[in-house]
Structure formats: structure tokens, C-alpha cells
Amino acid sequence: MLLPKKQNKKNYKSLSGIYLKSRHESPANSSDKSESVNCAKALQYARLPGSLTVEAAFVAPWIILAAIVLCSLFSVLRGELYMSAALHNAARIMAAEVTEIEHKENISDDVPADTNIVSHIRLRYLVQKELRGMGWKEEENSGMISEISFRDSNFSGDEIIACVSYQICMPVSFGQWGHLPVKHQVVCKKWTGRKEHGSGTGDSEYVFVTPYGTAYHVSLSCPYLDLSVKSVSEAGVKSLRNKDGGIYYPCSCVKHKNSNVYVTDYGTFYHENPGCYRLKRSVSKIFRSETGSRHPCNKCTTYAK
């Protein structure tokens, strides 16, 4: 603890007197010797009244600098979240607009337009509009985010790739580490409209698949997708046949004897629980060109033809 100047001076003189007296007089016992040693140590510390002040002056700037950097990181994260959300919303709008721009280019032979340049300009405008709608003020944040570029975006093909890259200026610069490069990318399919069933041809037609199914279906009313679950007695299920003429085998969910079990018209298993995962369908809608190794369903494709 640092003492006032007058009191510190008074203590220093008192300790000096005790220490000098102990050196001229030979101590009689060990307790006098220890008192002399303690006085010498106390005298050393009494001469350094400002040692803690020097240490605080050296450490305090680093603590303040660390606090500033930590607070600025929250602003950096806020800027990244705003930019990512704005790009995502702009890409969704562009997915619907790019097709219209391409259509106008195809029917306008007199004034050819570069769709890619028009789309880049439109994307930049939409991102800036979304940022302003979120309360982002460009003049206040221009020093934090700089060199915004959309040149890696691509609007050709069936998908659009909206990409923005920029530099984040750190509050404390350490040479080349003062700028942090950031890149966001959003991929969206172009919206080309909705077609009625049967109007599509070839690979542009939509089909329906399940996560673990090996076939694709052209109709949601296919009996393999729209299951007709019915309850039958367990005693009579062994003599029962499905519409393909096959017999029913016990499902893995059948663990106890029950009076009733559940079957479907084209299924090959009977079930103890109507909530069995085999009786549920998670259907996804994709293009025929995306079916991969799946084969056409022998029920709904034959019916559609």
C-alpha cells in the first residue's frame, strides 16, 4: 500500500534509525538479529513508493487495447451477418428475375444485351437495398468493410451463383494483417414456372422419389407413394396376398402376438404398429434428369403412358 508522502518520510526515518542502531550495537540474542534483518527489508521497500504506478502505466494500455479489439469483433460479426442475409435475399429475387431477363434478350434481336453484366448490376443494387432495409448505413460502415466485389457471381445455366467478396478492416493494423478477406456464396435454382403433370417432356419433367427408394414416380397418386393401410387379423395374414400376388412377411417391428396387424395393397410386410417407418413416405420432387440410377416405377409410369 502506498502511504502519503509525509507519513512515508517519517516511517523511512524511523526504520533508518532502527537499522543503524542495530548495526552499531551487537545484538544480544537471535530475536534482535531477526529484528535487524526485518528492518533492512522494510527499508528497501520504503524507498520504492511508485513501483506499482510504473507497472500499472505499462499494463493499462495493453488492457485497453485488448478491450477495443474485442468490442470491434462484435461489429465485424454484425457486418458479416448483415451481408450474408442481404446476399441470400437478393439471390432469391434474382432466381426469379434472371429467367425473365434472358427471355427478353432472346426476343430482342435488334438490341443485344449482355445478360451477365445486367445481372451483376442488378445483384449489387438488390444487396444494397436489402442492407438499407436492415438499418445498415453505408457511410457509417465504409471504414469497416471495403473493396466489395460481385465479379465471381455466375448467372448461366440452370442455377445462379451469387457471390460477394470484401475486405474487413481491423481496428488495429499489424502490417499485412490489418485486412481480413471474407467471401459469401449463395446458390439458387432459376425459377422457370410450374408445369401441369404430363406437360413436361424428357429431362425437364418433374418426378417424385423417396430417400431410400430405387424407383422414381410420375404421379403422387402412385400406390407405392400413396399407401392404403388397412388392418387385418394376424391369423389370416398368412393366407392373404397383395395385389402383385406376393405373400406378407413379418416386419422388424412385429415383436409380440397381436389380434390385428397392418398391411398395404402392394407391400410385402405386415406391421404391428401403424406408425412403423415402412408405412411412411418422405417424397421429394426433382427433375427426371436428376434421378441418377433410379429406374421408372412399373405402376405409375405404365399408367401415365
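Bear in mind these aren't lab numbers, they're just calculated from the coordinates by the rules spelled out. The structure presented is a predicted model; accordingly, all values stated were derived computationally and were not measured. Here Cβ is always computed from backbone atoms with ideal geometry, including for glycine, and neighbour counts include all displayed protein chains.
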Inset, instruction - List every residue whose amide H lies under 5 Å from the amide H of Tyr216, counting only residues 5 or more places away in sequence or on a different chain, with H placed 1.01 Å from N in the peptide plane. - result: His295, Cys297
Inset, instruction - Using the number of other C-beta atoms within 10 angstrom as an exposure proxy, rank Leu131, Leu77 with the fewest first. - result: Leu77, Leu131
Legend entry - 3J(HN,Hα) from dihedral phi, region 276-286, Karplus parametrisation 6.51/-1.76/1.60, rounded to Hz, x for glycine, proline: 4, 5, 6, 9, 10, 10, 9, 9, 10, 9, 9
Inset, instruction - For Lys189 and Ser284, compute 0.36 nm times the residue count separating them, minus their Cα-Cα distance, and round to one decimal in nm. - result: 32.6 nm
Inset, instruction - Write down the percent of antiparallel bridges among all DSSP beta bridges whose residues are both part of region 202-304, to the nearest 5. - result: 75 percent
Legend entry - Which of His179, His271, His295, His120 has the fewest Cβ neighbours within 10 Å, and the rest in rising order: His295, His179, His120, His271
Inset, instruction - In whole Hz, with x marking every Gly and Pro, tabulate ³J(HN,Hα) for region 240-254 from phi via Karplus 6.51 cos²θ - 1.76 cosθ + 1.60, θ = phi - 60°. - result: 7, 10, 7, 6, 8, x, x, 8, 9, 9, x, 6, 5, 7, 7
Legend entry - Length gained when the stretch Val59-Leu240 is fully extended (0.36 nm per residue, less Cα-Cα span): 56.6 nm
Legend entry - Across Lys129/Lys183; Lys190/Lys280; Lys189/Lys299; Lys230/Lys280, pairs whose alpha-carbon gap is larger than 25 Å: Lys190/Lys280; Lys189/Lys299
Legend entry - For region 202-304: relative contact order, % (alpha-carbon pairs under 8 angstrom, 6 or more apart): 40 percent
Legend entry - Burial ordering of Met134, Met170, fewest other beta-carbon atoms within 10 Å first: Met134, Met170
